[in-house]
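What follows is a short report on a single structure.
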Amino acid sequence: EAVAQNIEGNVRLIIKLSDSGAVEDVIVAASSGYPILDNAAIKAAYAMGSLTGVTSRELILPVIFRLE
């Protein structure tokens with residue numbers, strides 16, 4: 001749908017991790033202005049699964065949507 005509408009944008013997420021590195025919560029820190037992109041970024045963050053070797057409990061993840 002975003003491709004059909006020629007939508008691009010940047011989303012910044014705050015990802016909260018459990019002690020095991022699993023994604024517990026995802027918050028949009030800076031919206032792209034398009035709910036379809038924000039929701040796709042959130043879905044992708046949860047799909048990452050566990051992040052091993054990460055010592056931080058919170059991460060900032062920039063997600064860039066560009067059409068080429």
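Stokes-Einstein diffusion coefficient for region 20-68 at 25 °C in a medium of 0.890 mPa s, Rh from the Kirkwood formula over Cα pairs: what value in µm²/s? Don't jump to the answer; show the numbers that get you there.
On the way: Rh = 12.0 Å.
It comes out at roughly 205 µm²/s.
Ordering ASP38, ASP25, ASP19 from largest to smallest accessible area (1.4 angstrom probe), what's the sequence?
Result of the area sort, largest leading: ASP19, ASP25, ASP38.
Return one whole number: the accessible area per residue of the chain in Å², for a 1.4 Å probe.
Here the per-residue accessible area is 66 Å².
Figure the gain on full extension for ILE64 and LEU51 (residue separation times 0.36 nm, minus the Cα-Cα span) and round it to one decimal in nm. Could the numbers behind the result be given before it?
Working: separation 13, 0.36 × 13 = 4.68 nm, distance 2.02 nm.
Full-extension gain reported as 2.7 nm.
Heavy atoms only, probe 1.4 Å: what % of the accessible area of the chain goes to carbon and sulfur, would you let me know?
The computed percentage sits at 52.
The values are calculated or read from the model by the stated rules, or taken from the named source; none is laboratory data. Here the structure is a predicted model, which is why all the values come from computation and not from measurement. Remember, those area values only see protein heavy atoms, side chains included, never the ligands or the DNA or RNA. Shrake-Rupley method; radii C 1.70, N 1.55, O 1.52, S 1.80 Å.
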